[in-house]
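Below: one structure, written as structure tokens.
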Amino acid sequence: MTDHPPSQKHIGARIRIKPEHAPSVAELFTASNFTPVYVEYRSDGNVSFWFDKVAARSPAFVKTVEAIPFAHWAIHAIVGRPTLQ
């Protein structure tokens with residue numbers, strides 16, 4: 001993990017969580033063997049976990065993100081176009 005934001009072109013996912021739920025979400029990522037490349041403590045209190053493109057493409061990562069309760073999220077958005085199979 002770095003102490004400054006990485007280039008946007010290397011980021012595959014940013015997960016923004018309400019501050020009161022950030023510790024439990026961090027534990028979920030750790031338990032699932034995913035380490036963010038950067039953690040942003042935002043001025044609004046929310047916490048963004050940044051992951052690289054390799055992690056974000058992983059089916060296990062998607063499953064981990066889907067396990068985060070909806071009420072924990074600070075923002076909900078899908079960026080980009082999903083791959084159709």
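The values are calculated or read from the model by the stated rules, or taken from the named source; none is laboratory data. What you see is a predicted model, and the numbers here were worked out from it, not measured in a lab. Neighbour counts run over all protein chains shown; Cβ positions are idealised from the backbone, glycine included. Remember, those area values only see protein heavy atoms, side chains included, never the ligands or the DNA or RNA. Shrake-Rupley method; radii C 1.70, N 1.55, O 1.52, S 1.80 Å.
Summary of values
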{"quantity": "Evaluation of Arg14 against (1) within 14 Å of Trp73 (Cβ to Cβ); (2) without any contact (Cβ under 8 Å) to a residue 12 or more places away in the chain (one fails), failing number", "calculated": "(2)"}
{"quantity": "Every residue from segment 1-56 that is over 22 Å from Pro69 (Cα atoms) and of a type in the set (Gly, Ala, Ser)", "calculated": "Ser7, Ser43"}
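One line per residue, one yes/no per condition, for (1) open to solvent by less than 20 Å² (accessible area, probe 1.4 Å); (2) in contact (Cβ under 8 Å) with a residue 24 or more places away in the chain; (3) assigned to a loop (DSSP other than H, G, I, E, B); (4) closer than 20 Å to Pro6 by Cα:
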| position | (1), (2), (3), (4) |
| --- | --- |
| Pro23 | no, no, no, no |
| Leu28 | no, yes, no, no |
| Thr35 | no, yes, yes, yes |
| Gly45 | no, yes, yes, no |
| Ser48 | yes, yes, no, yes |
| Phe51 | yes, yes, no, yes |
| Val54 | no, yes, no, yes |
| Val62 | no, no, no, no |
| Val65 | no, yes, no, no |
